[in-house]
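The values are calculated or read from the model by the stated rules, or taken from the named source; none is laboratory data. The shown structure was predicted, so the numbers you read here are calculated from the model rather than taken from an experiment. Every residue, glycine among them, receives a Cβ derived from its backbone with ideal geometry; neighbour counts consider all protein chains shown.
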Amino acid sequence: MNTKKLLLVFAVTCLVAGLAFAEKLVVWTWYGAELGQVFQELVKTDFTAKTGIEVEIEVVPIDGIMNKLLLSFIGGDAPDIVELYSNQVVELGIRGALLNLSEFADVKSVTDQLNPMLLPALQYKSALFALPGEINWTWTYYRTDVFSEMGLEVPETWDDIRALALKLKARNMDTYYYYQGDGEIVGKYLPFVFQRGADIYKPDGTASNLDSPEAVAAFKELTDLHKQYHLPVEDPIWGTFASAETPLQILQNWYYAGFELTNPQISGKWDITLFPGTKRADGSIDRTNTGKMLTWSIVSSTKHKDAAWELMKWLGSTEFTTKFMQTSNQIHGNRIFFSNKDSIDFAPFPEEKLHLAKEALATCRMQTAVVGGHIANRYIDFAFNKVVIQGDDPETAIRQAAKESTDEIQRKLREFDRYIKTL
Amino acid sequence: MKISTKLLGAAILLCALFFASLPVFADDFIKQRVSELTAEVVAIRGNLEESKSKMMRLDYYRIEDILATISHKLAEAAEVGSADEDKALRTLIDINQELKNIKPLMDESLPVETRGIWVDNVTMRNLLSKADVERFMEDMASINVNFLIIDAYNNGAATYPSKVAAEHYESQIYEGDKLKDIIEIARQKGIEIHTLINTFGVGTGINHFLDEKMAWLDKTYEEKYTGSSGHYWISPMVPEAREYVMSILKELVVDYGVDGIQLDYVRYDTEFGYHEYARELYKSLFGIDPFDIQFQRDKDNFTVFKTQFVNRFVERAFFELKELKPDLLVSASTGSPYSWYKLDLGQDWATWAENRNISFFCPMSYTGDVDHYRRIAISDLGSMKGTTYIFPGLGVYLYDEYVMQEQIAAGRTTAISGQTIFSTANMKPADYEVLKAGIWKEPAVPTFRDPRAAAELMLGDLALRIQEFEPYLGAESGLASSYLIKIEELKGKVADLQIRPWDTRNLREESPEEVAQLEPLIASLKEFSKKVAGDAESGRVSPLTGERITLELSKVIALLEPLVHTAKPFVYVSTYLL
């Protein structure tokens, strides 16, 4: 055998060995169908091709993913990376199912690209269990034709919304405020609390803060919208916006593309503005809104920690998010956004409105994750129903919710004590 | 008293308009809104006057009271104006609400009308105890329905303890027999119970067919058991499958003594009809496997072939069940409008009526558009050509309570004498409120059981209306009295009819004596209707009054026509392609 042949055999052996021992990550995502194909293609061409890290993508419906993940985790066949809703992350994290991303030395360079108000949903104590991906925030949609005909001003504050609600109702029209998803009422309530500089939990996360003066006032303000200002509790949204029966609607950002696609007949007759705010003492307006995110987590059982972290960073990168947003828009006409601040510049969104998207993202604050918090949310629902449907006193109702929430949180803290101690 | 209330109302209205016209008191918005609402009040008053000409029995005093309150509030809002914008706006919002309160009152409750409602599988699942059934039946009685169509068999299982079909879990855990409880309470309340079965549709209940019944499942052209909907079907062509369905129907009639049976899903689904048995049979008859069909002529022939099995099943069900209980009514819920479903689904329901295999239909005329609903009802009535009765279905899941009211009212402007709501699970609390407040406020005599008696009652009611509303009819002197005399005469003739009752008659048994009584009577009704229309056109009576009288006469005619059809010599009609 001559030298050339020896070198060739050596090279082939190295290649085969390299392929055999190449790292392969398994990712669970809910991106399926055409979007799933785009996702796979981007991973293959832009990530695997550059890093050599193979990625196997499994499409898993987001419903029931928590149970499925826990079962696979116990069974030893969990994926390396999983896509979750932001409100699922900490529950899984404190049980030890997700890796604490703070372990990675360069984590700060990633989180610096994010609005810091998004992270409390993904953290517990000093542990960070996920990085945000797609994001929803809340803002305001209004029918420009109706506003123009009635001589109405675009709302800036909740005072404006209340005044408009009465004027519209006097014309038999409605104003609708809705937060789609788990915790509909909490999603509506949080901004009123946040705009008062407060939270619904005590800072150490061991008790509810619903009985604080700020939270009580916020609850009164929310329930008053329905009781005193006639905002309906339910509205079909699409049809009533098109018919102008409900020409003012405060909804999440994904409705933008929904209105474009389902209501082409009102094209040019509607617009958006930021979430209604509360005037501060200095005259400026606090427009903090809330939303939810799809997030990426590394499952703690992974044997490819570093490779998984590389993929996580890439998934949050402007490169990936830009291509994904744009392709998704081309396929479905939707207009998704990612949490990465820089990616907004490349979002498939009308350029003249991008400043609104940037400000909405910058003022989007997620619900703080505390142990038992999402279960305790239901006490806020109960309080809301007591006031709006049964006519109970709002202060009494929310104070009762505070007590029940604290009991729930403390019960869960005792249940998870053994995990929490390890954080 | 009545006049003074009116004068007061008018004075207040003038005040409202006066204040509304003063910019010094109100800002532009409030002024404009007061003016709009004032116009609405004026329009309602105009409608009330028209309603009187239409001889509608509305709660005029109550509506006037509400209008008076509104007028007061309008004046108040105009007076307050921009000085206290919040107060003015809230007053306007109150007025909006008052106007909404009037809406249900603007349609009357008719004394003779078929009012059905489908009690769907969701509702049946949720009735878990006798107390639930009692509460539910209270709700039904509160809206004055006169027949319930109870879902007795769906997704391959019964909602009652059946001896021949599998039983749904919710029925198994019910203490006692849910269907018996429903029937018992319904009888106390004077409501008829017609049980519905999903005749050939299995839905997703395949678990009940994983035995020898598997061989009954129909197949698609791709030889699959499910089509795009993911639902399973049994083949109407397989003899054992037909026997099984018949045994369920017979059980309901014999063991429960129901008042009626309704066949739902009595058809194929779009892609079905290719069961091996059907293919073999077709091949032996026509020399070609349906899979090998290439020409349109053969495709049409296969469609007709498939349809005949459904036709024959309906025919068999009708006659065999009537033999068990002669006064049983056998109806079907059918695709609507008729022409859409005839060929695609093998549901040639006009032919069933022509062949006298059906007591009535509840066509599923579900649409969100009021005018479209009315046009479908007219089209289906036309397709029946006076052979039977139809009580179109209202898809209340598509719209709010006011559209429901408008659709019922629109249906009433045709010759149909009743309607059916789909369905209990889709009924919202506001739907109940609207029905109770006006359009179904009072009990009504149904028209499906004894159409002759219903026709007599309708004419009697028409005569009463003419007396009640005489000052509003715009009739020439003596004309109203002549109408009364004629209507009383026609009513007497309907009362004197010596004919077999609809519910027990053999629909195929001819009776020249009945034809001899009915045909001249219908001709007299038509002649009188023509005269009234002519009077209205020449201004001898208000056009609205004329329209109402002719409408009522058309309903009476539509009730009598199937009685004539089923008294004439029977001629079998085959399904044919257009």
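Of note, A:Glu156 does not satisfy the criterion of being surrounded by fewer than 19 Cβ atoms within 10 Å (Cβ to Cβ) and free of Cβ contacts under 8 Å to residues at least 24 places away in the same chain.
Answer with yes or no whether B:Phe272 is closer than 23 Å to B:Val564 by Cα and either more than 24 Å from the chain's Cα centre (by Cα) or touching a residue at least 12 places away in the same chain (Cβ under 8 Å) (or both). Judged against the criteria, B:Phe272 is not a match.
Residues in the stretch A:173-185 that are in a loop (DSSP other than H, G, I, E, B), within 14 Å of chain B (Cβ to nearest Cβ) and crowded, with 21+ Cβ neighbours inside 10 Å: A:Met173 only.
The set of residues from the stretch A:229-245 being part of a loop (DSSP other than H, G, I, E, B), touching a residue at least 12 places away in the same chain (Cβ under 8 Å), within 13 Å of chain B (Cβ to nearest Cβ) and touching a strand residue (DSSP E or B) at 6+ places or on another chain (Cβ under 9 Å) comprises A:Tyr229, A:His230, A:Leu231, A:Pro232, A:Asp235. Just one of the listed residues (B:Ser477, B:Ser482) is part of a loop (DSSP other than H, G, I, E, B) and not assigned by TED's automatic domain parsing to the domain that holds B:Ile261, and it is B:Ser477.
Give the stretch B:524-578 a look and list any residue that's of a type in the set (D, E, K, R) and at pLDDT below 95, or say none.
Residues satisfying the conditions do not exist here.
As a summary of the residue check, A:Thr406 satisfies the conditions (1) out of contact with any Phe, Trp or Tyr (no Cβ under 7 Å at 6 or more places or on another chain); (2) farther than 19 Å from A:Asn209 by Cβ except for the one numbered (2).
So which residues in the stretch A:65-80 are over 24 Å from the mean Cα position of the chain (by Cα) and over 13 Å from A:Thr302 (Cβ atoms), if there are any at all? A:Leu71, A:Ile74, A:Gly75 - these are the residues of the stretch A:65-80 that are over 24 Å from the mean Cα position of the chain (by Cα) and over 13 Å from A:Thr302 (Cβ atoms). The set of residues in the stretch A:255-267 being touching a residue at least 40 places away in the same chain (Cβ under 8 Å) and surrounded by fewer than 17 Cβ atoms within 10 Å (Cβ to Cβ) consists of A:Glu260, A:Leu261.
Going by the conditions given, is A:Ala170 within 14 Å of chain B (Cβ to nearest Cβ), surrounded by fewer than 20 Cβ atoms within 10 Å (Cβ to Cβ) and closer than 30 Å to B:Thr38 by Cβ? Taking the combined requirement at face value, the residue does not satisfy it.
Can you tell me which residue within the stretch A:385-423, out of those that are under 28 Å from A:Leu92 (Cα atoms) and either touching a strand residue (DSSP E or B) at 6+ places or on another chain (Cβ under 6 Å) or of a type in the set (Val, Ile, Thr) (or both), is surrounded by the fewest Cβ atoms within 10 Å (Cβ to Cβ)? The extreme case among them is A:Thr422. Scan the stretch A:186-207 and give yes if some residue there is within 14 Å of another protein chain (Cβ to nearest Cβ), in contact with a strand residue (DSSP E or B) (Cβ under 7 Å, 6 or more places away or on another chain) and either assigned to a loop (DSSP other than H, G, I, E, B) or buried (at least 22 other Cβ atoms within 10 Å of the Cβ) (or both), otherwise no. Within the stretch A:186-207, none of the residues are within 14 Å of another protein chain (Cβ to nearest Cβ), in contact with a strand residue (DSSP E or B) (Cβ under 7 Å, 6 or more places away or on another chain) and either assigned to a loop (DSSP other than H, G, I, E, B) or buried (at least 22 other Cβ atoms within 10 Å of the Cβ) (or both). Of the helices (runs of 4 or more DSSP H) entirely within the stretch B:55-131, those holding at least 1 residues that are within 30 Å of B:Ala157 (Cβ to Cβ), in contact (Cβ under 8 Å) with a residue 12 or more places away in the chain and more than 12 Å from every other protein chain (Cβ to nearest Cβ) occupy B:121-126. I need the full set of residues from the stretch A:63-98 which are free of Cβ contacts under 8 Å to residues at least 40 places away in the same chain, within 24 Å of A:Ser339 (Cβ to Cβ) and in a loop (DSSP other than H, G, I, E, B), in order please. Listed by number, the list holds a single entry, A:Asp63. From the set of residues in the stretch A:358-384 that are aliphatic (A, V, I, L, M) and either free of Cβ contacts under 8 Å to residues at least 24 places away in the same chain or surrounded by fewer than 22 Cβ atoms within 10 Å (Cβ to Cβ) (or both), which is farthest from A:Val193 (Cα to Cα)? If we take residues in the stretch A:358-384 being aliphatic (A, V, I, L, M) and either free of Cβ contacts under 8 Å to residues at least 24 places away in the same chain or surrounded by fewer than 22 Cβ atoms within 10 Å (Cβ to Cβ) (or both), then A:Ile375 is farthest from A:Val193 (Cα to Cα).
Rundown of residues vs (1) surrounded by fewer than 20 Cβ atoms within 10 Å (Cβ to Cβ); (2) under 23 Å from the mean Cα position of the chain (by Cα); (3) under 30 Å from B:Pro443 (Cβ atoms), yes/no style:
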residue	(1), (2), (3)
B:Lys189	yes, yes, yes
B:Ile193	no, yes, yes
B:Ile206	yes, no, no
B:Val245	no, no, no
B:Gly257	yes, no, yes
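Yes/no matrix, rows are residues, columns are (1) in a helix (DSSP H, G or I); (2) closer than 20 Å to B:Asp264 by Cα; (3) touching a residue at least 60 places away in the same chain (Cβ under 8 Å); (4) in contact with an Asp or Glu (Cβ under 7 Å, 6 or more places away or on another chain):
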{"position": "B:Lys306", "(1), (2), (3), (4)": "yes, yes, yes, no"}
{"position": "B:Phe309", "(1), (2), (3), (4)": "yes, yes, yes, no"}
{"position": "B:Val314", "(1), (2), (3), (4)": "yes, yes, no, no"}
{"position": "B:Ala317", "(1), (2), (3), (4)": "yes, yes, yes, no"}
{"position": "B:Leu321", "(1), (2), (3), (4)": "yes, yes, yes, no"}
{"position": "B:Val330", "(1), (2), (3), (4)": "no, yes, yes, no"}
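Tell me the residue from A:Ile57, A:Ile135 that is assigned to a strand (DSSP E or B) and in contact with a Cys (Cβ under 9 Å, 6 or more places away or on another chain), please.
On the way: A:Ile57 fails: in contact with a Cys (Cβ under 9 Å, 6 or more places away or on another chain).
Going through A:Ile57, A:Ile135 in turn, just one is assigned to a strand (DSSP E or B) and in contact with a Cys (Cβ under 9 Å, 6 or more places away or on another chain): A:Ile135.
Considering only the stretch B:506-515, I want to know if a residue exists there that is surrounded by 14 or more Cβ atoms within 10 Å (Cβ to Cβ), at negative phi, outside the structural domain of B:Tyr389 (by TED's automatic domain parsing) and in a helix (DSSP H, G or I). Yes.
Search the stretch A:233-254 for residues being surrounded by fewer than 21 Cβ atoms within 10 Å (Cβ to Cβ) and among the hydrophobic types (A, V, I, L, M, F, W, C), and hand back the single one that is nearest to A:Gln326 (Cα to Cα). Ranking the candidates gives A:Trp254 first.
Does the stretch B:442-452 contain at least one residue that is over 16 Å from the mean Cα position of the chain (by Cα) and part of a helix (DSSP H, G or I)?
Scanning the stretch B:442-452, I find at least one residue that is over 16 Å from the mean Cα position of the chain (by Cα) and part of a helix (DSSP H, G or I), so the answer is yes.
Within the stretch B:547-558, residues that are part of a helix (DSSP H, G or I) sit with their Cβ atoms under 8 Å from residues that are aromatic (Phe, Trp, Tyr), at 6+ positions apart or across chains, in these pairs: B:Ile549/B:Tyr483; B:Leu553/B:Phe528; B:Ala558/B:Tyr389. On the basis of being in contact (Cβ under 8 Å) with a residue 24 or more places away in the chain, of a type in the set (A, V, I, L, M, F, W, C) and part of a loop (DSSP other than H, G, I, E, B), does A:Leu294 make the cut? It is false that A:Leu294 is in contact (Cβ under 8 Å) with a residue 24 or more places away in the chain, of a type in the set (A, V, I, L, M, F, W, C) and part of a loop (DSSP other than H, G, I, E, B).
It is to be established whether one or more residues within the stretch B:479-487 are touching an Asp or Glu at 6+ places or on another chain (Cβ under 6 Å) and crowded, with 17+ Cβ neighbours inside 10 Å. Yes, because at least one residue in the stretch B:479-487 is touching an Asp or Glu at 6+ places or on another chain (Cβ under 6 Å) and crowded, with 17+ Cβ neighbours inside 10 Å.
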